[in-house]
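A.B. asks: Questions regarding the structure given below will be posed in turn.
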Amino acid sequence: MEKREEYQDDSYLTLAAVIAEVEYGDIVQHPWGMELDKLRLFAVAVTGMLNVFPFILKSSSLNRDQRIIIDGLSYLVQCLLIRCGSQLAANLLFEPEQYSELERKIPDKLKIMRYEPIFNAIYHDLGVYCSSKYCSKLHHMSPDEKPDYFLRFVESTNQPKIDDRFLIMNSIRDECQLGLVEVNKYCPLGETDDLPKNLETLQEKMEFARMVIDRRAGEAIENA
């Protein structure tokens, strides 16, 4: 944070710093995405979205976990969403090329493939953490993330496989604690198979995410 000024004019360096903070640091104590000026935040997010495919390919070639990239971009897009609105956030996800000097176009199919992991990460995290606040409409159940302490004394060849499955309970009867979802409808955060396939639907989904973040962040401030 002390050297943030050194990163200001280089979107790649700022992107790397944000991703590192999200994965290895403390993004609550060092909220890059909320403290960068809006123009710089936007430029960094554009840089990230334009390079999703190269970053993921590079991570795969080095046998590194690509979720680090996805989580970092998810954070940046959510910061942009809450600070600049759902229209800009959706446009950025769908076609960042329109904000670049590069004269290139990619098919809609590739656009969807590019934003799918970031969108899914946003909705998954919001679903998990929003429902954890005693919501009866949506509930995520997943195995304990921490392995048994004594597994550290077992040879790697005998280690059990990690169960990363999770179950989502989405109620059509219960009320949304935030008042954003009607009683006779399912919570969009629990509709994991409902990926938006066009810009209009993507913006609608991002607007719902914005409202969730806005309400829950407001509660967090009040309860702090």
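The values are calculated or read from the model by the stated rules, or taken from the named source; none is laboratory data. The model shown is predicted, which means the values in this text are computed figures rather than measured ones. Note that each Cβ is placed from the backbone with ideal geometry, even for glycine, and that neighbours are counted across all protein chains shown. We work out accessible area using only protein heavy atoms, side chains counted, and drop any ligands, DNA or RNA first. Shrake-Rupley method; radii C 1.70, N 1.55, O 1.52, S 1.80 Å.
A.B. asks: In the stretch 24-120, carbon and sulfur make up what percent of the accessible area (probe 1.4 Å)?
C.D. replies: Carbon with sulfur: 54 percent of the solvent-accessible area.
A.B. asks: Determine the distance separating the Cα centre of the stretch 67-104 from the Cα centre of the stretch 187-202; give it in Å without decimals.
C.D. replies: 16 Å
A.B. asks: Can you compute the modelled spin-label distance between GLN29 and VAL128, with each label point 7 Å from Cα toward Cβ, in nm?
C.D. replies: Distance between label points: 2.2 nm.
A.B. asks: Ranked highest first by the average count of other Cβ atoms within 10 Å around their residues, in what order do 180-192, 22-34, 73-85, 38-50 fall?
C.D. replies: The most tightly packed comes first, giving 73-85, 38-50, 180-192, 22-34.
A.B. asks: Report the net charge of residues surrounding ASN184, where surrounding means a beta-carbon distance below 12 angstrom and charges are Lys +1, Arg +1, Asp -1, Glu -1.
C.D. replies: 0
A.B. asks: Placing +1 at every Lys and Arg Cβ and -1 at every Asp and Glu Cβ, with all other atoms neutral, what dipole size does the stretch 20-68 have around its Cα centre, in debye to the nearest 20?
C.D. replies: Its charge dipole is roughly 260 debye.
A.B. asks: Given a cut-off of 22 Å, name the pairs among LYS109/LYS205; LYS133/LYS197; LYS58/LYS205; LYS105/LYS197 whose C-alpha atoms lie farther apart than that in the structure shown.
C.D. replies: Beyond 22 Å: LYS133/LYS197; LYS58/LYS205.
A.B. asks: Give me the net charge for the shell around ASN170: Cβ to Cβ below 14 angstrom, other residues only, Lys and Arg +1, Asp and Glu -1.
C.D. replies: The answer is -3.
A.B. asks: Among LEU88, ILE68, ALA43, pick out the residue whose Cα is farthest towards the positive end of the charge dipole of the stretch 37-115, where Lys and Arg carry +1 and Asp and Glu carry -1 on C-beta, about the Cα centre.
C.D. replies: Result: ILE68, furthest along the dipole toward the positive end.
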